[in-house]
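The values are calculated or read from the model by the stated rules, or taken from the named source; none is laboratory data. Worth saying up front: this structure is predicted, and the values here are computed from it rather than measured. Heads up, the Cβs are rebuilt from the backbone with ideal geometry, glycines too, and the neighbour counts pull from every protein chain shown.
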Amino acid sequence: MASSREIILSALRSAAPTPLPIPEPRGIGARYPDLRQEFAKAVGEVGGRCVLLSAEGVLEEALSGFSEYSQAKRVASLVAGVDKANVDLADVKDPHELHDLDVCVLLGELGVAENGAVWIREGVAGNRAGWFLAQHMVLVLPGESIVHDLHQAYERIDAKSRGFGTFISGPSKTADIEQALVIGAQGPRSCTVLVIG
Amino acid sequence: MSSTRALRQAASGTAETSRPAAREQAPTGAGATRSRPHEHAHKAAAFVANDARLHWHDQAIWFLRGKRDRVSSAVPDWEQLRSAGEQIKAHTLSRLAEYLEQFERNAIQLGARVHWAKDAEEHNRIVHGLLAERGVQRVVKSKSMLTEECHLNPYLEERGIEVVDTDLGERIVQLRREPPSHIVMPAVHLKKEEIGELFHQQLGSEEGLSDPKVLTEIARQHLRQKFLAAQATISGVNFAIAETGGFVVCTNEGNADLGTSLPPLHIACMGVEKVVPRLKDLAVFLRLLARSATGQPITSYTSHFLGPRRGAELHVVIVDHGRSGILRREEYRRSLHCIRCGACMNTCPVYRRSGGHSYGVTVPGPIGSVLAPHINPAAHSSLPFASTLCGSCSDVCPVKVDLHHQLLVWRGELGRAGLLPLSKRVASKLGGWILARTWAYRFFGRLGRWLLARVPRAVIYNRWNAWGRQRELPAPPRESFREIYRRRRGQ
């Protein structure tokens, strides 16, 4: 008896219309005069907070200005220079231990001006449970990594090799109750993006 | 016509294995004229009876359409994007088997296991088998219309497995033991006071709460406990990428991410039409999806899964469940382009005023009305008529599904298969006869205008005239268009 796989594939083959050529869409995409400003505006519109910083050294100073950071007890950071970091994601054997994480600071690889999204990939020091379990998320993003739109983004990011990567655009949110926007559904209650340089 | 024959066979009672509820509601005879509880209009009656609520629902949904308009019109290349989306989908469907094989090959390469299910039953059996083999008793699920379509939850619950839907709207309707009424906003038919009462009853929260912020916080605490306690997670798939073997899941709440980053088993369920050829194709669909759905530029989380987490298992279940049959039918093929954004229901004047539950299927609105008759034409024969054919659904569709055209094609097909009630058959025959004869058209037009202005109310507003229910007919004009035109040209 043929397997379900064979049955489905042969049904799809016999049902398929004449093969069409693969389209190469041209002339699509967004272009903005000032990428950093556009990106910052987009982050604000999706419920996040974006701060443009001039140099990396001021990271701790910028973080201290936020009450969710200054009051945090458990902080994980994948970015150097975060003084309060006291949880090492790489050390955590069971991701469930991260349930009471207050703040998670992550390094964004790329920002997208059209939608305020930041691309993050789970590296060796992964344990992405911490990203989503943390009450608050901070994304540190090099200013020169901001691109105009998703078309450009997919040319640059690594979303082909094994692992996990995600575009994060603002905090966890929902409008499932009478369409009232509520920030802080199940995941992080805030999303702060610090653009460096 | 072979398709008509197939329909007749289906109508005589063989189809529909996955929807026991719909089977119960199927008509006993195709010509039944009275009490047709499976019909859209019948199911909408209770919803329509509450006028204030109907208008509240109408406005709430229209608000989404407005947001979609504002955001999409701010994208200068919107129409080119729609064309690109349509072309990529059409191309993919023309080589679907190839792309699925490529996806499977690459997914296995990344360490995932791939399963194939012909129908809902096999899908449910595979998922249950994976859970049972590992002794799983507590599962969290992020939103997946496919698992709703397959009725996976009751299947697993009957076998002693707790399934918790983790999308807030889905959790709300799950606690109410009812299906979602919208594919993007499952609880859009409910008022915040009702949700407060539900949480009081089911989650033990204080009585009389109605602030969405407070209610969302209660759900947050409840669901985070469920995430931490889960032994496995089930997710849907928004897009599977043939080129990489990975797939993408989009959520605003982060529930798919919380769900998949904790337990050691992730089962992702996808329909065969979810595959796209290349990674770069995602840019086109992701720019269209959230803008069309909720007026957001992108969802909060757009997660790319390429193989299992370290120390965990990843299984992908690829499901046909009638899709190859739709692919075979040229006139309906484009409905497989659908990326489940919900824009067609948000704009639909019938959906907005009748509510999602009136459709009696997992996917309501225009897209649901063209998909459902494939599964069971007899049970869903009224759905293609739950439309004014205004065409707004086709206009807003981000991948250019010709929805209103397909609704019209279905009407003809269901009529030829003898699946329409007597009232519709007689009215269509009579209408067709009149419209085909100029003299009859003019005569009955004049007669109608004369009669409508003179007959007593009871002749028009009675139980036999559906057009007189819940509405006042407009005053008949004194002259026809033709008469006005003649008169003006003569001046």
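Looking only at residues in segment B:112-160 that are among the acidic types (Asp, Glu) and within 25 Å of the chain's Cα centre (by Cα), which one is farthest from B:ALA97 (Cα to Cα)?
Looking at the filtered set, the residue picked out is B:GLU157.
Tell me which residues, restricted to segment B:168-207, are over 17 Å from the mean Cα position of the chain (by Cα), outside any loop (DSSP other than H, G, I, E, B) and aliphatic (A, V, I, L, M).
Within segment B:168-207, B:LEU168, B:ILE172, B:LEU175, B:ILE195, B:LEU198, B:LEU203 qualify.
Of all residues being under 28 Å from B:ARG95 (Cα atoms) and touching a Phe, Trp or Tyr at 6+ places or on another chain (Cβ under 8 Å) in segment B:243-265, which is surrounded by the most Cβ atoms within 10 Å (Cβ to Cβ)? Just the residue, please.
B:GLY246
Just to be sure, is A:GLN135 more than 10 Å from chain B (Cβ to nearest Cβ) and in contact with a Lys or Arg (Cβ under 6 Å, 6 or more places away or on another chain)?
Yes.
Where residues in segment B:69-80 are within 18 Å of B:LEU286 (Cβ to Cβ) and more than 8 Å from every other protein chain (Cβ to nearest Cβ), which of them is surrounded by the most Cβ atoms within 10 Å (Cβ to Cβ)?
So the residue we want is B:SER72.
So, in segment B:234-280, how many residues would count as being within 12 Å of another protein chain (Cβ to nearest Cβ) and in a strand (DSSP E or B)?
Final tally of qualifying residues: 11.
Tell me which of these B:PHE285 doesn't satisfy, since it passes every other one: (1) surrounded by fewer than 24 Cβ atoms within 10 Å (Cβ to Cβ); (2) closer than 29 Å to B:ASP69 by Cβ; (3) more than 10 Å from chain A (Cβ to nearest Cβ).
The failed condition is (3).
Among the residues of segment A:138-177, write down those that are among the small types (Gly, Ala, Ser) and on the phi < 0 side of the Ramachandran plot.
Listed by number, the residues that qualify are A:GLY143, A:SER145, A:ALA153, A:ALA159, A:SER161, A:GLY165, A:SER169, A:SER172, A:ALA175.
Is it the case that some residue within segment B:159-173 is more than 30 Å from A:ILE177 (Cβ to Cβ), of a type outside the set (S, T, N, Q) and away from chain A (no Cβ under 14 Å)?
Yes, segment B:159-173 has at least one match.
Kindly evaluate B:VAL317 against the criterion of being touching a residue at least 24 places away in the same chain (Cβ under 8 Å), away from chain A (no Cβ under 11 Å) and either outside any loop (DSSP other than H, G, I, E, B) or under 23 Å from the mean Cα position of the chain (by Cα) (or both).
Criteria not met by B:VAL317.
Looking at the structure I just gave you, is B:LEU473 within 36 Å of the chain's Cα centre (by Cα) and over 30 Å from B:ASN376 (Cα atoms)?
yes
What's the number of the condition A:LEU141 fails, among (1) more than 24 Å from A:ALA62 (Cβ to Cβ); (2) away from chain B (no Cβ under 11 Å)?
That leaves (1) as the condition not met.
A:THR192 versus (1) at the interface with chain B (Cβ under 7 Å from one of its Cβ atoms); (2) crowded, with 19+ Cβ neighbours inside 10 Å: which is the lone unmet condition?
(1)
Scan segment B:391-406 and tell me whether some residue there is out of contact with any Gly (no Cβ under 8 Å at 6 or more places or on another chain), of a type in the set (Ser, Thr, Tyr), outside any helix (DSSP H, G or I) and closer than 21 Å to B:PRO349 by Cβ.
Scanning segment B:391-406, I find no residue that is out of contact with any Gly (no Cβ under 8 Å at 6 or more places or on another chain), of a type in the set (Ser, Thr, Tyr), outside any helix (DSSP H, G or I) and closer than 21 Å to B:PRO349 by Cβ, so the answer is no.
Could you look through segment B:214-228, keep only residues that are aliphatic (A, V, I, L, M) and facing another protein chain (nearest Cβ under 9 Å), and pick out the one that is surrounded by the most Cβ atoms within 10 Å (Cβ to Cβ)?
Filtering first and then ranking leaves B:ALA219.
Against the condition closer than 30 Å to B:ARG291 by Cα, more than 10 Å from chain A (Cβ to nearest Cβ) and within 23 Å of the chain's Cα centre (by Cα), how does B:SER83 come out, does it pass?
Spelling it out, it is not the case that B:SER83 is closer than 30 Å to B:ARG291 by Cα, more than 10 Å from chain A (Cβ to nearest Cβ) and within 23 Å of the chain's Cα centre (by Cα).
Condition first: among the hydroxyl-bearing types (Ser, Thr, Tyr), within 7 Å of another protein chain (Cβ to nearest Cβ) and either farther than 26 Å from B:GLU313 by Cβ or over 13 Å from the mean Cα position of the chain (by Cα) (or both). Can you find one or more residues in segment A:144-159 that meet it?
yes
Inside segment B:321-349, can you point out the residues that are out of contact with any Leu (no Cβ under 7 Å at 6 or more places or on another chain), part of a helix (DSSP H, G or I) and buried (at least 24 other Cβ atoms within 10 Å of the Cβ)?
If the condition is that a residue be out of contact with any Leu (no Cβ under 7 Å at 6 or more places or on another chain), part of a helix (DSSP H, G or I) and buried (at least 24 other Cβ atoms within 10 Å of the Cβ), then B:ALA343, B:MET345, B:THR347 are the ones that fit.
Of B:ALA120, B:ALA90, which residue is facing chain A (nearest Cβ under 9 Å) and surrounded by 18 or more Cβ atoms within 10 Å (Cβ to Cβ)?
B:ALA90
Inspect segment B:31-42 for any residue being at pLDDT below 95, exposed (fewer than 14 other Cβ atoms within 10 Å of the Cβ), part of a helix (DSSP H, G or I) and among the small types (Gly, Ala, Ser) and give the result as yes or no.
Looking through segment B:31-42, none of the residues is at pLDDT below 95, exposed (fewer than 14 other Cβ atoms within 10 Å of the Cβ), part of a helix (DSSP H, G or I) and among the small types (Gly, Ala, Ser).
Sort out for me the helices (runs of 4 or more DSSP H) sitting completely within segment A:1-90 that have 1 or more residues that are within 14 Å of chain B (Cβ to nearest Cβ) and surrounded by 14 or more Cβ atoms within 10 Å (Cβ to Cβ).
Where helices (runs of 4 or more DSSP H) fall fully within segment A:1-90 and carry at least 1 residues being within 14 Å of chain B (Cβ to nearest Cβ) and surrounded by 14 or more Cβ atoms within 10 Å (Cβ to Cβ), they are A:4-15, A:35-45.
Please determine whether any residue of segment B:56-67 is within 20 Å of the chain's Cα centre (by Cα), in a helix (DSSP H, G or I), within 12 Å of chain A (Cβ to nearest Cβ) and of a type in the set (S, T, N, Q).
yes
Condition first: within 17 Å of B:ARG333 (Cα to Cα) and either surrounded by 24 or more Cβ atoms within 10 Å (Cβ to Cβ) or in contact (Cβ under 8 Å) with a residue 40 or more places away in the chain (or both). Can you find one or more residues in segment B:411-419 that meet it?
Yes, segment B:411-419 contains a residue that is within 17 Å of B:ARG333 (Cα to Cα) and either surrounded by 24 or more Cβ atoms within 10 Å (Cβ to Cβ) or in contact (Cβ under 8 Å) with a residue 40 or more places away in the chain (or both).
Mind checking which pairs have a first residue in segment B:289-312 that is within 26 Å of B:VAL396 (Cβ to Cβ) and within 9 Å of chain A (Cβ to nearest Cβ) and a second that is polar (S, T, N, Q) and part of a strand (DSSP E or B), Cβ under 8 Å, 6 or more apart or different chains?
Pairs found: B:THR299/B:THR251; B:SER300/B:THR251; B:TYR301/A:THR166; B:TYR301/B:THR251; B:THR302/A:THR166.
How many residues, within segment A:25-40, are basic (Lys, Arg), in contact (Cβ under 8 Å) with a residue 24 or more places away in the chain and within 28 Å of B:ARG82 (Cβ to Cβ)?
So the count comes out to 1.
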